[in-house]
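The values are calculated or read from the model by the stated rules, or taken from the named source; none is laboratory data. Note that the structure is a prediction, hence the values are computed from the model and not measured. Glycine gets a Cβ as well: all are built from the backbone with ideal geometry, and neighbour counts include every protein chain shown. Accessible surface areas use protein heavy atoms only, side chains included; no ligands, DNA or RNA. Shrake-Rupley method; radii C 1.70, N 1.55, O 1.52, S 1.80 Å.
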Amino acid sequence: MDILLAGIVGGSTYALLAVGVSLIFGVSNIVNFAQGSVFAAGGMLGWFFAEVLGWQLWAVLLGVIVFTSLLGFVIYLIAVRPLRAAPGIAVLLATFAAGIIIDNTSQRVFGAETRRFPPLLERSNLELFGFRFGTIAIVIIGVAVVCVTVLAIVLAKTRVGRAIRATSQDAEAAAQMGIPVARIQAVSFVVASALGGVAGVLVGMYFSNVSPSMGFTAGIQAFAAATIGGLGSLPGAIVGGLVLGVAEAFGVALWGDSVRQLITFGALILVLWIRPNGILGRRSTTASEPMTGTFFGAGKPVRLNRWVAVGLIAAGALVPLIAGDYLLRTGALVWIYALFALSVTLAGGFAGQIVLGQAGALAIGAYTSALLVTQAGWDFWASFVAAGLVAAIFSVVITAPTWRLRGHYVSMATLATGAFIAALALNLGGITNGARGIFGIPRPTVFGLSVNSATGMYLLTFAILVLALLVVSGLGSSHLGRTWAAVREDEIAAAASGIHPAAYKSLAFGLGSVLAGFAGALYAAQVTFIEPSQFGISLSVLAVTIAILGGLRAPMGAIVGAVILVGIPELFRPLADWRLLFYGVVLLLLILLRPQGIWARSDRVLGRRRRRASVESEVVS
């Protein structure tokens, strides 16, 4: 009974978060990645009000509701409203970036350490049928029930509620009926954020601690709960929250706290496999593909003259003549991250499918290579090939059932896969050595000689990157590349032409995973030590940011993005604590201002050139 009660209490907080996720998804067809960050900000602010200012519980909740409501409105104003006409992937990534900014701003304001939440209510003062529980459990369940009931009444009985329901069913028809859709969407963000803030306080009270970094996992748990119940269904969000909370409680009781994320991400993948519409969700009737299209395809990649390309390769190879060891080690890392980002370019830029969990494939590659060379005595190059193959097979097999889906589901499946793999590495201690990691990974050998020097690793990683760049560029201009482009530009038209979009997307994802696996093998050899926390979501975010910064359709853009986001910050190590905040701001600005990236000509420039060519043609004729 204790475990069941713990599950219901935890599930109640998931339900509050999941209701917010479903509300926004239902009204705006957006997966709000910042919801978890609002939850964490609410928890930290609740700690500040209660511990530092000494406020009572009612005042803490009121203050958090006001603050997180304003935060939700700001998220809508900055990250969502400017992108209303853009495909869903733009808004998803914008809220992703907003979440990173909120998390890291919170860390700068409150500090990165975990804070003890003051005991505002008794934890073990009641007894029923022989088991003890506290007022806090009753309050958490009660607050969740009251919040959801009030929201249900508002939706059913008030004018605003009817407008929200109408917008949820058909935004265009609602607009034609005079409903201010934009204002309704803003209201949904405000309400969802207020619920998230309340959930943050309740979780802080129940677990007696809060931290600015607890938002991402909570956000994914909320999405998992909402998906289990049925995205867009408020009753489904409650059911999903309770199911996930109870499952986690029993799993943690049986196998320990380390399986919590394994259960969450495993449950999400399982639901996407078996019943993507959830327990109470409606079958999706989406006619268009919101996650692809021409948003990131705007503009064309800059093409290098052949001799300029040869000159750049020669210049890169000659860097060791003038650079010291530190700069060369940084350069090797830049080339590894560029190879990693190239995997995102292949799937996202060529086939139009954004992948958000590519750190999982990198982790598989790193662990495969490290285990083979340290435990099985394999040569580095054999382990290098195995790393790419195992990463591709594992990633494709896990996500295979989701490629038939559309919309946000595939990207979320890749995100869940990446997080699931990191959680798996933590829990398979007998194979991966768990949190202790793998030490003493040897350097690669070339013709029997160990590549121990900084110069050797720099040249090795540079050569592999150049080779991968040539292969990826060749794929982009091949028949296969043109087929990917057809799928990317118009999936429905491609399908009508006899192309199987899911198969071609899966192929691009698999080939991208090969590159990520290769990058993982090089990463393990470069750093000589790996452990699960190195392959968290921030690594996937970094890969996506690098690819978008350089230009998602431009293979060369991966190198440009890696130099800017990995190389330059590496030279400013004293500012390392601000790095993720920097990434978040850059990602948001790119999505808003230059979605085509740096290594691409904008449509405006292309338009001017076309008009000039047209005028010159008329003059000649």
Scanning region 155-185 for residues that are at pLDDT 80 or above, polar (S, T, N, Q) and in contact with a helix residue (DSSP H, G or I) (Cβ under 7 Å, 6 or more places away or on another chain) gives 185
Could you check region 30-59 and list, in sequence order, the residues that are over 19 Å from residue 224 (Cβ atoms) and either touching a Pro at 6+ places or on another chain (Cβ under 7 Å) or of a type in the set (Asp, Glu) (or both)?
44, 50, 51
I'd like to know if region 584-595 contains one or more residues that are assigned to a helix (DSSP H, G or I), within 28 Å of residue 464 (Cα to Cα) and either modelled with pLDDT under 75 or of a type in the set (Gly, Ala, Ser) (or both).
no
Test result for residue 186, closer than 22 Å to residue 19 by Cα, of a type in the set (Gly, Ala, Ser) and in contact with a Leu (Cβ under 8 Å, 6 or more places away or on another chain)
yes
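To keep it simple, each residue is scored yes or no on (1) acidic (Asp, Glu); (2) over 18 Å from the mean Cα position of the chain (by Cα).
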position	(1), (2)
2	yes, yes
10	no, yes
13	no, yes
18	no, no
28	no, yes
38	no, no
43	no, yes
46	no, yes
55	no, yes
Based on this model, can you work out whether residue 390 counts as in a helix (DSSP H, G or I), touching a helix residue (DSSP H, G or I) at 6+ places or on another chain (Cβ under 9 Å) and closer than 22 Å to residue 533 by Cβ?
yes
Conditions first: (1) farther than 30 Å from residue 489 by Cβ; (2) not small (Gly, Ala, Ser); (3) not in a helix (DSSP H, G or I). Residue 534 passes all but one, so which condition is the exception?
(3)
What number of residues within region 18-42 satisfy the criterion of being crowded, with 24+ Cβ neighbours inside 10 Å, part of a loop (DSSP other than H, G, I, E, B) and of a type outside the set (A, V, I, L, M)?
2
Which listed residue, of 121, 45, 62, is open to solvent by 10 Å² or more (accessible area, probe 1.4 Å), part of a helix (DSSP H, G or I), farther than 21 Å from residue 214 by Cα and not charged (D, E, K, R)
62
Of the numbered conditions (1) modelled with pLDDT of 80 or more; (2) part of a helix (DSSP H, G or I), residue 553 fails exactly one; give the number of that condition.
(2)
Going by the structure shown, is residue 152 open to solvent by less than 20 Å² (accessible area, probe 1.4 Å), over 22 Å from residue 76 (Cα atoms), modelled with pLDDT of 80 or more and not charged (D, E, K, R)?
no
Failed condition for residue 493, given (1) assigned to a loop (DSSP other than H, G, I, E, B); (2) at pLDDT below 90:
(1)
Residue 398 meets each of (1) modelled with pLDDT under 85; (2) among the hydrophobic types (A, V, I, L, M, F, W, C); (3) open to solvent by less than 40 Å² (accessible area, probe 1.4 Å); (4) farther than 23 Å from residue 352 by Cβ with one exception, condition (4)
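Yes/no per residue for (1) open to solvent by 10 Å² or more (accessible area, probe 1.4 Å); (2) within 20 Å of residue 32 (Cβ to Cβ); (3) of a type outside the set (A, V, I, L, M):
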residue	(1), (2), (3)
222	no, yes, no
234	yes, yes, no
241	no, yes, yes
249	yes, no, no
259	yes, no, no
265	no, yes, yes
276	yes, yes, yes
Working carefully through the options 54, 43, 99, 63, find the one that is farther than 23 Å from residue 595 by Cβ and in contact with a Gly (Cβ under 7 Å, 6 or more places away or on another chain).
43
Selection from region 199-220 of residues that are surrounded by 24 or more Cβ atoms within 10 Å (Cβ to Cβ), among the aliphatic types (A, V, I, L, M), within 24 Å of the chain's Cα centre (by Cα) and not in a strand (DSSP E or B)
199, 203, 218
Out of the residues in region 431-448 that are at pLDDT 85 or above and of a type in the set (Gly, Ala, Ser), which is nearest to residue 525 (Cα to Cα)?
440
Given the structure, is residue 476 over 16 Å from residue 318 (Cα atoms) and either open to solvent by 20 Å² or more (accessible area, probe 1.4 Å) or of a type in the set (Gly, Ala, Ser) (or both)?
yes
Out of region 325-340, which residues are farther than 14 Å from residue 464 by Cβ and open to solvent by less than 40 Å² (accessible area, probe 1.4 Å)?
328, 330
Given (1) open to solvent by 20 Å² or more (accessible area, probe 1.4 Å); (2) touching a residue at least 40 places away in the same chain (Cβ under 8 Å), index of the condition residue 446 fails
(2)
Among the residues of region 449-472, which ones are open to solvent by 40 Å² or more (accessible area, probe 1.4 Å) and modelled with pLDDT of 90 or more?
455, 459, 463, 467, 470, 471
Quick one: would you say residue 416 is in a helix (DSSP H, G or I), aliphatic (A, V, I, L, M), under 30 Å from residue 495 (Cα atoms) and at pLDDT below 85?
yes
